[in-house]
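Data block below; observations after.
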Amino acid sequence: MPIERVGALLAECDADSSLPPADDEGPRDQARREERRGRALRDAAVIAVLYGSGVRRAELAGLALADYDPAARSLKVRGKGDKERLVYINSATVGRVEAWLTVRGRDPGGLFPPFTLRGGHIRRDKLARDQITKRRCAVDFEIPKHSGRARHAHPLTST
């Protein structure tokens, strides 16, 4: 995926995460705005990790908070056959993950759990696809159906 498209997705997330309160905002509107902000921060972190590290969707969905090391800028990823490896992320991606963690908190569990006021369950294979598809619709472009890891070019110079 070209960097321009990733930038457009991240810009959409940034716009949603910085929505100012309305003058006549009630408690329900405030809760919706905060949920939208949380979703935007999570989506931006998901997009940044996917683009910057080349992890697979299932690997991303399986990440726990304990797998994230901000000091080393790394993620411990369990891939096919339960093989573990370290992937490194750049400082901009760490910033996005840290922004998400201000909403998520530091409690043990999944690094990118679903963000809803009522909780919920998310299937591992749907996390990344669904979130990016929603953001893609907002910026109006197509994601190739098989835009997988095989064509990923990791920006090693920025890690």
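The values are calculated or read from the model by the stated rules, or taken from the named source; none is laboratory data. Quick caveat: nothing in here was measured; it's all calculated off a predicted structure. A quick note on method: Cβ atoms are made from the backbone with ideal geometry, for glycine too, and the neighbour counts reach across all protein chains shown. Note: areas computed on protein heavy atoms with side chains; ligands, DNA, RNA excluded. Shrake-Rupley method; radii C 1.70, N 1.55, O 1.52, S 1.80 Å.
Residues in segment 59-73: is at least one touching a His at 6+ places or on another chain (Cβ under 9 Å) and open to solvent by less than 20 Å² (accessible area, probe 1.4 Å)? No, segment 59-73 contains no residue that is touching a His at 6+ places or on another chain (Cβ under 9 Å) and open to solvent by less than 20 Å² (accessible area, probe 1.4 Å).
Selection of segment 1-31 for residues being farther than 21 Å from residue 112 by Cβ and of a type in the set (D, E, K, R) yields 4, 23, 24, 25, 28, 29. Residue 101 meets the conditions (1) within 16 Å of residue 42 (Cα to Cα); (2) open to solvent by 50 Å² or more (accessible area, probe 1.4 Å); (3) of a type in the set (A, V, I, L, M, F, W, C) in every case but one. The failed one is (2).
In this structure, does residue 66 turn out to be touching a residue at least 60 places away in the same chain (Cβ under 8 Å) and not charged (D, E, K, R)? No; evaluated as a whole, the condition is false for this residue. Taking residue 45 as the residue in question, decide whether it is outside any strand (DSSP E or B) and open to solvent by 30 Å² or more (accessible area, probe 1.4 Å). For residue 45, the condition - outside any strand (DSSP E or B) and open to solvent by 30 Å² or more (accessible area, probe 1.4 Å) - is not met. Out of everything in segment 74-93 that is part of a helix (DSSP H, G or I) and open to solvent by 20 Å² or more (accessible area, probe 1.4 Å), what residue ends up being nearest to residue 40 (Cα to Cα)? Only one residue tops the list, namely 92. Scanning segment 4-24 for residues that are open to solvent by less than 80 Å² (accessible area, probe 1.4 Å) and either part of a helix (DSSP H, G or I) or modelled with pLDDT of 90 or more (or both) turns up 6, 7, 8, 9, 10, 11, 12, 13, 14, 15, 16, 17.
Taken together, 36, 32 contain a single residue that is free of Cβ contacts under 8 Å to residues at least 12 places away in the same chain, assigned to a helix (DSSP H, G or I), open to solvent by 70 Å² or more (accessible area, probe 1.4 Å) and out of contact with any strand residue (DSSP E or B) (no Cβ under 8 Å at 6 or more places or on another chain), which is 32. When residues in segment 1-29 are screened for being in contact (Cβ under 8 Å) with a residue 40 or more places away in the chain and among the basic types (Lys, Arg), 1 of them pass.
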